[in-house]
Amino acid sequence: MIQVHCFEFSPFAENTYVLSAPSGECLIIDPGCYTATEEITLKQFIENSAFTPKALLNTHAHIDHIFGNRFVKDTWKLPLYLSDLDIPLFERADQMAALWGLSFAGSPHPDENLVHGQILQLADNELEVRFVPGHAPGHMVFVSHSNEFAICGDTLFAGSIGRTDLPGGNHELLLQSIREQLFTLPDHYTLYPGHGPSTTVGAERKSNPFFQGT
């Protein structure tokens, strides 16, 4: 059974996830830790839990989801997984941070390209990678069928969807991605978004205002 641990970091109130297996192995997803205090919070949690990080995953390359990449990679010497389609965003991250009045020294370059249909391992658990463009060109979600959840980044929130007015965004494509890659999951699957509270596939299919009457 995978345990999902969530931390809210940075001025963007971004959700950073640590997925842990009973063996103690864990994955770190979208580390948004921006301050030294937030870095310490993440590090102490992992150390106090006696977890062994195995990989660093990014759903996409917007700055709030990669602020902590360098810290995580340098601390645990992990391979970084990101879709190649998001590298243009990744390479402009310092400029985007400056637009928000924030400093950002940049992130290490990805080691592995994420692709649709790929299977990632966490101990004896599998995570299916699904391609969900619209919020970002290379946005991916990570689905655990055995644990009945998805880490969905900034595609779908409780009662809302991701922004599509940023570079590489496409509103209609995002709606299509959600219908085809998230709403095809069973209703009881939990969705863990990049911001805000968790929700379920069924709740969003039935009440999300962006899908009513469509």
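Nothing in this text is a laboratory measurement; each read-out follows from the coordinates by a stated rule. Treat the numbers as computed from the prediction; the structure is a model and nothing was measured. Cβ: placed from backbone, ideal geometry, glycine included. Neighbour counts: every protein chain shown.
Quick look at the values:
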item: Sequence of GLU8, GLU14 once ranked by neighbouring C-beta atoms within 10 Å, starting from the fewest; result: GLU8, GLU14
item: Whole-Hz ³J(HN,Hα) from phi, Karplus 6.51 cos²θ - 1.76 cosθ + 1.60, for the range 175-185, glycine and proline x; result: 4, 4, 4, 5, 4, 7, 10, 10, 6, 8, 7
item: Alpha-carbon Rg/Rh ratio, for the chain, with Rh computed the Kirkwood way; result: 0.94
item: ³J(HN,Hα), Karplus 6.51/-1.76/1.60, whole Hz, each residue of the range 195-211, x for Gly, Pro; result: 8, x, x, 6, 8, 10, 4, x, 4, 6, 4, 7, 10, 4, x, 6, 10
item: Lysine pairs with alpha-carbon atoms under 29 Å apart, the range 3-211, spacing 8 or more or separate chains; result: 5
item: Order of CYS6, CYS152 - criterion: other Cβ atoms within 10 Å of each residue's Cβ, fewest first; result: CYS6, CYS152
item: The chain - percent relative contact order, Cα under 8 Å, separation 6 or more; result: 15 percent
item: 12 Å beta-carbon shell around TRP100, net charge (K/R +1, D/E -1); result: -2
item: For VAL132, distant residues with modelled amide H under 5 Å away; result: HIS139, MET140, VAL141
item: Order of SER83, SER160 under a 10 Å beta carbon neighbour criterion, fewest first; result: SER160, SER83
